[in-house]
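S.K.: Quick one: this structure, given as structure tokens, is what I'll be asking you about.
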Amino acid sequence: MVDAATPAHARYLVGALLQLPVEVLRRRVAAAVVAAGFPNYRPAHAAVFMWLGAEGDRISDLAARVGVSKQAMGETLQYLERHGYVERAPHPSDGRATLVRRTERGWAVNRVARSVVEEVQAEWEGLLGEAAFGELLGLLRRLVERLGEPAAVAADPRMLPRSSGRRRGPAAGGPGPIPSVAETVEEVVP
């Protein structure tokens, strides 16, 4: 039974239990992206980099996915376009529509973010232990699959690191190189 004598962390419901780690990730990602040479990045831009489809999206589709108005999304995208993170292109099948898609600079932001999340996963695996953290990841992945929500770009090959000899830890998603943040952006930021 949960009552006033129960420690605060044991009284949290699923919303807080999911949101608190997400906030830690957001702060870490934002700091790393800025430190990696993207001074125009703001935490408010995270939703665009997370939910913009790999091949681009119409502004209205992206706004709906993120849960903001088309006008608000348009303003955010104009800012990101001015700073070289996204570009507009003709829609391949609808001549009246325009797609917004990442530039190479935008993909570099996503790669930095992924690298930070992989580092945090390794830290959290150390806190919980490999088996417990593996179980947590497995349960969250199963929940996401069953919810049927779009997967954003997390699995797109352009999110994967480009070079380095270091190996990922078990919590980071399997074998392969993890570059430092500097290695991730060296081709994009002068």
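The values are calculated or read from the model by the stated rules, or taken from the named source; none is laboratory data. If you're wondering where the values come from, they're calculated on a predicted model, not measured in any experiment. Every residue, glycine as well, gets a Cβ built from its backbone with ideal geometry; the counts of neighbours run over all protein chains shown.
S.K.: From the list 32, 44, which residue is modelled with pLDDT of 95 or more and more than 16 Å from residue 84 (Cα to Cα)?
M.R.: Numbers: 44 fails: modelled with pLDDT of 95 or more.
Answer to the selection: 32.
S.K.: Does any residue of region 103-112 turn out to be in a loop (DSSP other than H, G, I, E, B) and at pLDDT 95 or above?
M.R.: yes
S.K.: Oh, and also: Report whether or not residue 113 is surrounded by 13 or more Cβ atoms within 10 Å (Cβ to Cβ) and in contact (Cβ under 8 Å) with a residue 60 or more places away in the chain.
M.R.: Numbers: surrounded by 13 or more Cβ atoms within 10 Å (Cβ to Cβ): yes; in contact (Cβ under 8 Å) with a residue 60 or more places away in the chain: yes.
So residue 113 fits the description; yes.
S.K.: Within region 54-67, take every residue that is out of contact with any helix residue (DSSP H, G or I) (no Cβ under 8 Å at 6 or more places or on another chain) and on the phi < 0 side of the Ramachandran plot and give me the one that is surrounded by the fewest Cβ atoms within 10 Å (Cβ to Cβ).
M.R.: 55
S.K.: Would you mind stating whether residue 66 is of a type in the set (A, V, I, L, M, F, W, C), modelled with pLDDT of 95 or more and under 18 Å from the mean Cα position of the chain (by Cα)? Walk me through it before giving the result.
M.R.: Numbers: of a type in the set (A, V, I, L, M, F, W, C): yes; modelled with pLDDT of 95 or more: no; under 18 Å from the mean Cα position of the chain (by Cα): yes.
Here the answer is no, as residue 66 does not meet what is asked.
S.K.: Same structure again: Based on what the data block shows, is residue 104 in contact with a strand residue (DSSP E or B) (Cβ under 8 Å, 6 or more places away or on another chain), within 16 Å of residue 158 (Cβ to Cβ), surrounded by fewer than 17 Cβ atoms within 10 Å (Cβ to Cβ) and not small (Gly, Ala, Ser)?
M.R.: Numbers: in contact with a strand residue (DSSP E or B) (Cβ under 8 Å, 6 or more places away or on another chain): no; within 16 Å of residue 158 (Cβ to Cβ): yes; surrounded by fewer than 17 Cβ atoms within 10 Å (Cβ to Cβ): yes; not small (Gly, Ala, Ser): yes.
No.
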